[in-house]
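Input: a single structure, listed below in structure tokens.
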Amino acid sequence: MTTQQLPPAGTLPREDNLLLSTLLNFAQSHHERLADQAADLGLTVPQAKVLYFVESAPTVRKLAVKLRCDASYVTGLVDRLEEQKLMKRQVDPADRRVKMLTLTAAGRRLRGKVIRIMDDAPGLELLTEKEKLLLGELLKKASAN
């Protein structure tokens, strides 16, 4: 009886890369669930992401960096959130060229729901708090380039 030898590290075909496949499946599952739940709230996924990140990135430019997209795209998202009375633009007193993004009361309530949805990825309930922290740290380390 012969034993099967694994190829050297880094030479497996892409579909055989279990770690990457698992990460992609996890992300896809979370995205699909987020799309369904955001739609239930009357939002698209990009709009939900704006609500999720606006506190840490309170300008169009900062949100564009956070979302890894063009600022003009974020402007359109903010326009639609303003039309829904969820967000307002205000002039930054320190630099009148900059518009600060703030949530309305309705926007803050909806953001709370978005946060619960975003932070409740399927499968994470199976992990302990310590495991979640470790996973978060490992993913930060792997993506810090």
**Request:** Give me the distance between the Cα centres of region 49-87 and region 89-145, rounded to whole Å.
**Result:** 13 Å
**Asked** Which lysines, on any chain, are close to residue 88 with Cα under 30 Å apart, when same-chain ones fewer than 8 places away are left out?
**Response** 49, 62, 66, 99, 113
**Asked** Long-range amide H contacts for residue 100: which residues qualify at under 5 Å (H placed 1.01 Å from N, peptide plane, sequence gap of 5 or more or a different chain)?
**Response** 90, 91, 92
**Asked** Each residue of region 104-113 in order: what ³J(HN,Hα) in whole Hz does its phi give by Karplus 6.51 cos²θ - 1.76 cosθ + 1.60, θ = phi - 60°, with x for Gly and Pro?
**Response** 7, 4, 5, x, 5, 5, 5, 4, x, 5
**Item:** Long-range amide H partners of residue 87 with built H, under 5 Å
**Value:** 82, 104
**Item:** Residue-wise HN-Hα coupling along region 62-79, computed from phi with Karplus coefficients 6.51, -1.76, 1.60 (Hz; x: Gly, Pro)
**Value:** 5, 5, 4, 5, 4, 8, 6, 8, 6, 4, 5, 5, 5, 4, x, 5, 5, 4
**Message:** If the reach is capped at under 18 angstrom between alpha carbons, list the aspartates and glutamates near residue 130, excluding any in the same chain fewer than eight residues apart.
**Reply:** 119, 120
**Asked** Which whole-number percent gives the relative contact order of the chain, counting Cα pairs below 8 Å spaced six or more residues apart?
**Response** 19 percent
**Request:** Just rank 116, 89, fewest to most, by other beta-carbon atoms within 10 angstrom.
**Result:** 116, 89
**Asked** Tilt of helix 18-40 relative to the longest C-alpha principal axis of the chain, in degrees (0 to 90, nearest 10)?
**Response** 30 degrees
**Item:** Estimated dipole of region 24-143 in Debye, rounded to 20 [Cβ of Lys and Arg +1, of Asp and Glu -1, Cα centre]
**Value:** 520 debye
**Asked** Among 104, 75, 22, which one shows the biggest mean-square fluctuation in a GNM of the chain, springs joining Cα atoms closer than 10 Å?
**Response** 22
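For a quick check: sort 82, 32, 129 by the number of other beta carbons within 10 angstrom, fewest at the front. Write out the running numbers ahead of the final one.
Values: 82 15, 32 12, 129 7.
Going from least to most buried by this count: 129, 32, 82.
Got a sec? How would 73, 52 order by Cβ neighbour count within 10 Å, fewest to most? Intermediate results must be reported in sequence, preceding the final value.
Working: 73 14, 52 19.
Fewest to most other Cβ atoms nearby, the residues stand as 73, 52.
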**Item:** Positive-end residue, region 24-143 charge dipole about Cα centroid, Cβ charges, pick of 63, 37, 138
**Value:** 63
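The numbers here are math on the coordinates, done by the rules we state, and not lab data. Fair warning: this is a prediction, and the values are worked out from it, not measured in the lab. Don't worry about glycine lacking a Cβ; one is built from the backbone with ideal geometry, like all the others, and counts go over all protein chains shown.
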